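Every number here is computed from the coordinates shown, using simple stated rules; none is lab data. Because the structure is predicted, anything quoted here is derived from the model rather than measured. Methodologically, a virtual Cβ is constructed for each residue, glycine included, from the backbone with ideal geometry; neighbour enumeration extends over all protein chains shown.
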Amino acid sequence: MKSDYMAEREASLEIAIKLFLDDVASRPAEPQTCSRCGNEMEYLETTFMLFGTDSCWNVLLPICRCEPNGAPNKERNHGRN
Ligand SMILES: [Zn+2]
């Protein structure tokens, strides 16, 4: 039956997501530097909850606030048509 197949796929996806979040959440926050500006990244504490389960994870996401000013300059033309 097709629905069994889908349920199986969803279950394995759920396991994969859980394993991924378990791994990410258990990692210590290592100091990282921004590849764009070279400053140390800040960490944003984020909670992930998996829909349909009562599992949740606290994950630290490295962020840098330089992005708006440091974004690649699209006005730069390397060649014109
Ligand atoms: Zn940066």
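Relative to one another, the C-alpha centroids of the range 35-59 and the range 1-22 are positioned 22 Å apart.
Under 5 Å between amide hydrogens, built in the peptide plane, is the criterion, and for residue 60 it picks out 46 among residues at least 5 positions away or on other chains. Over the range 2-68, the alpha carbon radius of gyration divided by the compact-protein estimate 2.2 N^0.38 Å works out to 1.50.
Using the Cβ-Cβ distance between residue 17 and residue 42 with R0 set to 22 Å, the FRET efficiency from 1/(1 + (r/R0)^6) comes to roughly 0.30.
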